Amino acid sequence: MEDEKWKKKLNEAILKVAKGCSVAEVVEEYVEVDGEMKLTKQKKTKKEIPPDLKALQLLLGDEKNERPLAELSDEELEAEKTRLLHLLSKKQEAAAPQKRPKPRKRVVRKS
């Protein structure tokens, strides 16, 4: 059971890297004042990590009927990455709850 949880977490992490993600980073500077450490600066940044082809290769490594990814050219890998990212976005859209459009009010004027 624990092994399955570990594999699921690992696959989720690989999928996140394969799709690309954003990461928040906090850098803090401290100074010693009267024997105590006091926070002097805090810098928060958000980094965008682009999709990674190696992570896609890991995700696709189990598929049997295709050429090994190591044999694919850079152009073929880019095309496969684009195809897979498109499939992933379609699956996410399908899994997301559909928003219903708001009903329009109809104005009728009498003369």
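Laboratory data are not the source of any read-out in this text; all were calculated from the coordinates shown. For clarity, every value in this text was computed on a predicted model and none was experimentally measured. A quick note on method: Cβ atoms are made from the backbone with ideal geometry, for glycine too, and the neighbour counts reach across all protein chains shown.
Side notes on the structure shown:
- Near the amide H of Cys21, within less than 5 Å, lie the amide hydrogens of Ile49, all on another chain or at least 5 residues away, with H placed in the peptide plane.
- Under the simplified labelling scheme, the Gln92-Asp74 pair shows an inter-label distance of 2.7 nm, with each label point 7 Å from Cα along Cα→Cβ.
- Aspartates and glutamates with Cα under 13 Å of Lys16, excluding same-chain neighbours fewer than 8 positions away: Glu48, Asp52
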